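Here's the structure, in structure tokens; my notes come after.
The values are calculated or read from the model by the stated rules, or taken from the named source; none is laboratory data. None of these values were measured; they are calculated from a predicted model. Quick reminder, even Gly has a Cβ in these numbers, built from the backbone with ideal geometry, and neighbours come from all protein chains shown. Accessible surface areas use protein heavy atoms only, side chains included; no ligands, DNA or RNA. Shrake-Rupley method; radii C 1.70, N 1.55, O 1.52, S 1.80 Å.
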Amino acid sequence: VGDGLRDLLATLQSQEETRSALARSHFDSLCTVERIRRVNTPAPSNEMSAAWVEDNDHAQARLMARSRCRDLVVVARPHVGDGVPRDLLEVLVLGCGRPVIVVPENRPLPAPETVMVCWKDCAEAARAANFALPLLKQAQRVVVASVEEDSAAPSLTDFTRQLAWHGIESDVLCLARSQARSEEH
């Protein structure tokens, strides 16, 4: 049992180091191709910058905490066997309070064509939408999706009107509560 456990731990450690090196390589390549300045400390500037931060242990809790202190969260879809919790995207979208971009698989991230804003009349949705304004302004199409609630209609109208004040025209998709529940299953 001792040797077997040691071998298993060594294999897991090696896999972790390989995934970490690959992630860092992707980050560096993206920054190089997109000419994003890499920094380790804050520097006042109008140009985009990025920093690499790597943590060990309690990944989901650390990611959530760090995401709350960032302008934007960019994540890939989790895959079976990659060690990422299946509900990570849902947890981030609902809990971090920041805009979350889910990167399409095997494709570079282009300028946004269609951006969906999932609207609910609550402070968290308002805050996340406000942080996402620069991204929404670049999109060719903005769809505001909401689940019908007793007070949703005035809020949804006010929200889309606020987007229009920023020059963002949007399409509205309002699902009936029963329709939203049936689409969950």
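Loop-located chymotrypsin sites (Phe, Trp or Tyr not before Pro) across region 35-134 with a Cβ neighbour count of 13 or fewer within 10 Å are W52, with loop assigned by DSSP. Within the listed set P44, P99, P112, the Gaussian network model of the chain (springs between alpha-carbon atoms below 10 Å) gives the highest mean-square fluctuation for P44. Springs between Cα atoms under 10 Å define the GNM used for the chain, and in it the highest mean-square fluctuation of C31, C96, C174 occurs at C31.
With the helix formula -39500 (n - 2.57) applied to DSSP H stretches of n ≥ 4, the chain reaches a computed 222 nm mean residue ellipticity of -14500 deg cm²/dmol.
Given R0 = 35 Å, the distance between the Cβ atoms of L89 and D7 translates into a calculated FRET efficiency of 0.60.
Compare S49, S67, S170 in a GNM of the chain, Cα atoms joined below 10 Å, and give the one with the largest fluctuation. Most flexible of the set in this elastic network: S49. At a probe radius of 1.4 angstrom, the accessible area of region 1-91 per residue rounds to 81 square angstrom. When the inverse distances between all different Cα atoms of region 1-112 are averaged and flipped, the Kirkwood radius reads 16.2 angstrom.
Among the trypsin sites (Lys or Arg not before Pro) in region 1-110, those placed in a DSSP loop whose Cβ has at most 15 other Cβ atoms within 10 Å are R35, R68, R70, R86. For the chain, the share of accessible area belonging to carbon and sulfur comes to 53 percent (1.4 Å probe, ligands and nucleic acids excluded). The distance separating the Cα centre of region 123-148 from that of region 1-66 comes to 28 Å.
Between the helical axis of 152-165 and the longest alpha-carbon principal axis of the chain there is an angle of about 80 degrees.
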